[in-house]
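Here the structure comes first, spelled out in structure tokens, and everything after it is commentary.
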Amino acid sequence: MNDNIKKIKSMIRDIPDFPKKGILFRDITTALKDAETLKLTIDEIYEAFKDEKINYIAGIESRGFIYGMPLAYKLNCGFIPIRKPNKLPGEVISVEYELEYGKDKIEIHKDALKPTDKVLIVDDLLATGGTAAAAVKLIKQVANPVGVAFVIELEDLKGRKKLPNDLKVVSLVKY
């Protein structure tokens, strides 16, 4: 683990019993409010993907927006929001996926991407992998996902196994 990753990890606050008893929540707000840590986080993801010739960052609602926008700026590419249902005003394409207790859906505008576009999907956390896998499936409908980037990965939940082996998957801080 390099010094930048150590610094990022040190700025992530642990909150026990949130959102319910028995859960240890990894809170990124403390890392976001520190300018140096925010810069290091964006820089580390940038370094991992700078040579991929990415056309778009697709940020998963909502924390993927936080990291996706400055990363898009740094990579000199556009940003596509991956939203929950009924949040986008235009015609959408969507993917439904299983949750622990039910189903959910994510969407992008139908005209957001074209088949030749190379897309990096970004979110703050990889846990069980359901949302990330759905995002990959959604982007594959219309473009070429080249990777998925996370700030945090909860390795015990094995979310990485739900992601395609041909994608570059980067997580900065692992628990």
Restricting segment 106-118 to residues that are acidic (Asp, Glu) and farther than 30 Å from Ile12 by Cβ, which is surrounded by the most Cβ atoms within 10 Å (Cβ to Cβ)?
-> Asp117
Lys50 vs. criteria touching a residue at least 12 places away in the same chain (Cβ under 8 Å) and out of contact with any strand residue (DSSP E or B) (no Cβ under 7 Å at 6 or more places or on another chain) | yes
Residue check for Tyr73: within 25 Å of Leu172 (Cβ to Cβ), more than 15 Å from the chain's Cα centre (by Cα) and exposed (fewer than 14 other Cβ atoms within 10 Å of the Cβ) | yes
For Lys7, indicate whether it is touching a strand residue (DSSP E or B) at 6+ places or on another chain (Cβ under 6 Å) and surrounded by 15 or more Cβ atoms within 10 Å (Cβ to Cβ).
-> no
Condition met for Ile121 (surrounded by 15 or more Cβ atoms within 10 Å (Cβ to Cβ), under 22 Å from Ala31 (Cβ atoms) and in contact with a Pro (Cβ under 8 Å, 6 or more places away or on another chain)) | yes
Mind checking which pairs have a first residue in segment 97-111 that is without any contact (Cβ under 8 Å) to a residue 60 or more places away in the chain and of a type in the set (Lys, Arg) and a second that is surrounded by 14 or more Cβ atoms within 10 Å (Cβ to Cβ) and in a strand (DSSP E or B), Cβ under 9 Å, 6 or more apart or different chains?
-> Lys103/Tyr97; Lys105/Ser94; Lys105/Val95; Lys105/Tyr97; Lys110/Val92; Lys110/Ile93
Provide a single number: the residues in segment 53-76 that are free of Cβ contacts under 8 Å to residues at least 24 places away in the same chain and either over 15 Å from Phe150 (Cβ atoms) or not in a loop (DSSP other than H, G, I, E, B) (or both).
-> 5
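All of the numbers you see were taken from the coordinates with simple rules; none came from a lab. Computed from a predicted model, the values in this text were never measured in an experiment. Don't worry about glycine lacking a Cβ; one is built from the backbone with ideal geometry, like all the others, and counts go over all protein chains shown.
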